[in-house]
Amino acid sequence: MINFQMTYFFRLFFVLLLLSGLTANAQRIGVGRQSTPTAPTSLVDYNNPKEYIIGGITVVGVQYLDKNTLISVAGLNVNEKITIPGERITTAIRRLMDQGILEDVSINITSIEDNKVFLELDLRERPRLNKIVLNGIRNGQKETIEEKIKTYKGKVITEAMVKNMQNIIKKHYLDKGFLHTKVQAQQINDTIRTSTAQIVFNIDRGKKARIDKIEIEGLNEVPKWRALSKMKGTKEKAPLRIFNPSKFREKKYKEDKEKLIAFLNKNGYRNANIDKDSVYINPNGNVGIKLEVTEGQRFYYRNITWVGNYVRNTDTLNLILGIEKGDVYNPEDLQKRLNGKPTGGDVSSYYQDDGYLYFNVEPVEVAVVGDSIDIELRIREGKQATISKIILNGNTKTSDHVVLREILTKPGQKFSRSDLVESVQSLTRLGYFDPQKIDPKPVPQADGTVNIEYTVEEKSSDNIELSGGYSAMQGIIGTFGVVFNNFSIRKIFDFKEYKPLPKGDGQKFSIRLQANGGFQNYSLSFSEPWLGGKKPNSLTVSLWHSVQDLGKMYDRYRRYYANSAYADYYNTLYSSAYYNGYFKNTGLSVGFGKRLNWPDRNFNFSSSLSYQFYDVKDSWYLRGFSNGVAHDLSLGFNLSRYSLDNPQFTRTGSNVSLSGTFNPPYSGLGIEPKNNRMFIEGHKWMFDLDWYTPVVGKFIFHAKANMGFLGRYNSKNDYSPFGRFVLGGAGMGMQNSNSIGIELIGLRGYEEGIVYEPTYNEAADVLNQSAYTRQGGIIYNKYAVELRYPVSLNAQATIYLLTFAEAGNSWGSYKDFNPFKIRRSAGVGARVFMAAFGLLGIDYGYAFDPIPGLPNQGKKAFTFSIGQQIR
């Protein structure tokens, strides 16, 4: 390599002086050193710059950067003329340094041949970030912050990058109310790999800033407390403020200022404005807020006129709008009445339900007189749009025909917004798609028609139940159950579709096996929701068989309670008289269902024909039937209306159901029981109501009422011992009771099956009172209210919390029935809906009305539910 040397000292001094400005600038921005090319003075005369042709350019000292790109950035090209010394070299150095990725830049001359010069770019890269260290905070906080800044790993370290990372950390704590967070950064170069380095952040988040006081000036008519109540995320410090703490968060504060003005606008103060606001730090580190508001005059509607409505008359539009002269002026409410009601009933829905997809209405203030405003509603009706195509996206597992049959918008029909909304609800009820991701999109076409694209996202809809264990009371416990909610029997012989069973045709197939403590149960069910494929007529077939060895069960119960305070009670209840007993049940059911279009499309009707054969020996489960066989042939009907928006976490809607089950009137036909052989007769009615509505924020209010009763054809005969109502617990604790003809009704806060109001004679029979209780009543009612709050609405794991209050009772006779003499409880709980396992629930309930004579007064604090809602 040839190095330039200056013959005279003053020439060297002159060159260094010329370059000092550039060097100083490099030092200022911290990019290292930079130099001009050097070569022997015998070849370069600094008094007489000479023109050369660049013969070649090499790059040394870089590991990660592309060499050709660096040469291009420098602006030097082979075969290009260059003057040495000259500005081109200085410019090349500056351009390389300006990239911010190099610490050192040096351009050297390696050789000169005739009029060709060969240059070398000697570069040193800035180190890359290979590790981030966070000091001064807990591990849980480290994970959150590392997630936010992890994208910087592997990138070249620059001052701007370090500053950005510091700002991200500060903003993280600022959003949590820490206004005084300090973040210091230190770069530590790797001693082994000089091309990498780590950055250590020392974090002092400081004290969380609370809001000591919020002052609002300028409000004359609106009370200050009402204005403050609209600032949901910005609250003054108060002793009892727990759920909405008074920490200051800048983002929330900005949102709340907008909400305050929106509130004033909605109440007629159309010119309301925040003229000035200030946030100041108090000596204690907390903040104070001062808002100076112009409230302005309150305005009212005067004249409302319609322009451009040719196909709809003004009187009808005024009726739908529902605004009268003298009402408080509210632009937000006006927009909702024109365009924004999700459930319909606005002016836009009125038009769009009749095909006017391109309808548009614009409210214009045409006059302001005193405190009154005249509004002109300018309408563009457009033409009626016909649906051309239905396009499906995202249904990777579910067949197109399954989705299309649930959609009410059909090609050739006029566009209808109501049909679009109901189609989304129908797709949600299928349970195959994430309710949050169902997105219908009308796409207008050039010919005036419209295509509708439905975009869905598949989610797991199958449920599996697999459990095993040992209980001192029940012995070895094992359960296997699987429900395929999107089964395809059409693909049953296509083994490529087994994942683990063929899917996609919307059929339901379930199988369940259970064994514990001498009890075994087997069940199989298949359902086709669209029999024939053309109409929503469903067919369901179910088979089941169960066997219970009562002797084994009673023996375990007695031994389990042998050393308890209630040993005598359970020895009497599970006496040796039942030690050879058993209970067997085999049944078959065929059901047919149909969707109705009247009174509306949410109604369903179903019927079922079922037969069950009971074989019983030494059992106290059923009143008046402890030995013998029984035949249960029944015809059932159900009329229901289902309009819930989301089956996993319902926000709005209702579910009403009325069902009746009828046995043949054997006694009227002269068929009487004989030789321990019974033909079950009578009728049974059940009514269920659920109603949901949003209340405040994300809170959802849920109210429900349930009632059921047994009837008989012949007053000389007793009511059937089968199908009675047993209340208490989650309705699951007596898991085998469905197999022995008992209707389980949950009542949290109490033990399973013990909520019962005995008749006068039963109350006197203290010895058998518990047996009467667990055999159930012939009539029951139950009321409940819940307040629910969602924690996660993820399709794979929907989680919500709830608080509840409920009450109910069952009676052994109609003359003792009193709908207000009920057992009450209240408590809190949580629900987790997982696609693979269904609904998992836990509740803690407190019973207000203890049941005398029972262990622990019949109370049970914790209640667990699996795969079902508590009815």
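The values are calculated or read from the model by the stated rules, or taken from the named source; none is laboratory data. Computed from a prediction, not measured in an experiment: that's the story for all the values here. When we count neighbours, we look across all protein chains shown, and the Cβ atoms used for this are built from the backbone with ideal geometry, even at glycine.
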Q.
I'm told residue 452 meets every condition in (1) out of contact with any helix residue (DSSP H, G or I) (no Cβ under 9 Å at 6 or more places or on another chain); (2) modelled with pLDDT of 95 or more; (3) not polar (S, T, N, Q) except one. Can you identify the failing condition by its number?
A. (1)
Q: Hey, can you tell me all the residues within the stretch 490-530 that are at pLDDT 90 or above, among the charged types (D, E, K, R) and in a loop (DSSP other than H, G, I, E, B)?
A: 505
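Please go through the stretch 88-112 and give me each residue that is out of contact with any helix residue (DSSP H, G or I) (no Cβ under 8 Å at 6 or more places or on another chain) and at pLDDT 85 or above, ordered by number.
Pass one, the stretch 88-112, residues out of contact with any helix residue (DSSP H, G or I) (no Cβ under 8 Å at 6 or more places or on another chain): 88-89, 91, 98, 101, 103-104, 106, 108-112.
Passing the criteria: 88, 89, 91, 106, 108, 109, 110, 111, 112.
Within the stretch 178-187, is even one residue under 31 Å from the mean Cα position of the chain (by Cα) and either closer than 30 Å to residue 230 by Cα or modelled with pLDDT of 90 or more (or both)?
Checking the stretch 178-187: at least one residue is under 31 Å from the mean Cα position of the chain (by Cα) and either closer than 30 Å to residue 230 by Cα or modelled with pLDDT of 90 or more (or both).
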Q: Search the stretch 818-871 for residues being closer than 22 Å to residue 803 by Cα and in contact with a helix residue (DSSP H, G or I) (Cβ under 8 Å, 6 or more places away or on another chain), and hand back the single one that is modelled with the highest pLDDT.
A: 847
Q: Take residue 407 and decide whether it is buried (at least 17 other Cβ atoms within 10 Å of the Cβ) and over 36 Å from the mean Cα position of the chain (by Cα).
A: no
Q. Which residues, counting only those in the stretch 320-344, are loosely packed, with under 13 Cβ neighbours inside 10 Å, within 35 Å of the chain's Cα centre (by Cα) and small (Gly, Ala, Ser)?
A. 322
(Q) Taking the criterion of being within 19 Å of residue 161 (Cα to Cα) and assigned to a loop (DSSP other than H, G, I, E, B), would at least one residue in the stretch 195-218 satisfy it? (A) yes
Q | Subset of the stretch 378-418 (residues that are in a helix (DSSP H, G or I) and in contact (Cβ under 8 Å) with a residue 40 or more places away in the chain) | A | 401, 402, 403, 417, 418
Q: Give me a count of the residues in the stretch 237-256 that are surrounded by fewer than 16 Cβ atoms within 10 Å (Cβ to Cβ) and either at positive phi or at pLDDT 90 or above (or both).
A: 2
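Residues in the stretch 35-78 that are part of a strand (DSSP E or B), modelled with pLDDT of 65 or more and not β-branched (Val, Ile, Thr): how many?
Result for the stretch 35-78: 5.
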Q | Within the stretch 665-711, tally of residues that are surrounded by fewer than 17 Cβ atoms within 10 Å (Cβ to Cβ) and assigned to a loop (DSSP other than H, G, I, E, B) | A | 12
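Consider residue 360 carefully, then state whether it is surrounded by fewer than 16 Cβ atoms within 10 Å (Cβ to Cβ), more than 23 Å from residue 537 (Cβ to Cβ) and over 25 Å from the mean Cα position of the chain (by Cα).
Taking the combined requirement at face value, the residue satisfies it.
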Q: Name the single residue, out of those in the stretch 288-319 being of a type in the set (A, V, I, L, M) and surrounded by fewer than 16 Cβ atoms within 10 Å (Cβ to Cβ), that is farthest from residue 384 (Cα to Cα).
A: 319
Q: Determine which single condition residue 655 fails, assuming it passes every other condition in (1) assigned to a loop (DSSP other than H, G, I, E, B); (2) under 19 Å from residue 606 (Cα atoms); (3) of a type in the set (S, T, N, Q).
A: (1)
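With respect to residue 221, determine if the residue is in contact (Cβ under 8 Å) with a residue 40 or more places away in the chain, assigned to a loop (DSSP other than H, G, I, E, B), surrounded by fewer than 18 Cβ atoms within 10 Å (Cβ to Cβ) and of a type in the set (Asp, Glu). Can you show your working first?
Working: in contact (Cβ under 8 Å) with a residue 40 or more places away in the chain: yes; assigned to a loop (DSSP other than H, G, I, E, B): yes; surrounded by fewer than 18 Cβ atoms within 10 Å (Cβ to Cβ): yes; of a type in the set (Asp, Glu): yes.
So residue 221 fits the description; yes.
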Q: Name, by its number, the condition in (1) surrounded by 12 or more Cβ atoms within 10 Å (Cβ to Cβ); (2) in a helix (DSSP H, G or I) that does not hold for residue 143.
A: (1)
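A quick yes/no check of all residues on (1) basic (Lys, Arg); (2) over 32 Å from the mean Cα position of the chain (by Cα); (3) assigned to a loop (DSSP other than H, G, I, E, B):
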| residue | (1), (2), (3) |
| --- | --- |
| 252 | yes, no, no |
| 257 | yes, no, no |
| 260 | no, no, no |
| 271 | no, yes, yes |
| 274 | no, yes, no |
| 280 | no, yes, no |
| 283 | no, yes, yes |
| 288 | no, yes, no |
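Could you list, in sequence order, all residues of the stretch 785-829 that are aromatic (Phe, Trp, Tyr) and buried (at least 17 other Cβ atoms within 10 Å of the Cβ)? Don't jump to the end; show me each part of the working.
Initial filter on the stretch 785-829 (aromatic (Phe, Trp, Tyr)): 789, 800, 804, 811, 814, 817, 820.
Selection gives 800, 804, 811, 817.
I need a count of the residues in the stretch 123-144 that are touching a Leu at 6+ places or on another chain (Cβ under 9 Å) and modelled with pLDDT of 85 or more. Don't jump to the end; show me each part of the working.
Within the stretch 123-144, the first condition is being touching a Leu at 6+ places or on another chain (Cβ under 9 Å), and the residues that meet it are 123-126, 141-142.
This time we only want the ones that are modelled with pLDDT of 85 or more, so: 123, 141-142.
Adding up the residues that qualify gives 3.
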Q. Any residue in the stretch 119-140 that is exposed (fewer than 15 other Cβ atoms within 10 Å of the Cβ) and within 28 Å of residue 58 (Cβ to Cβ)?
A. no
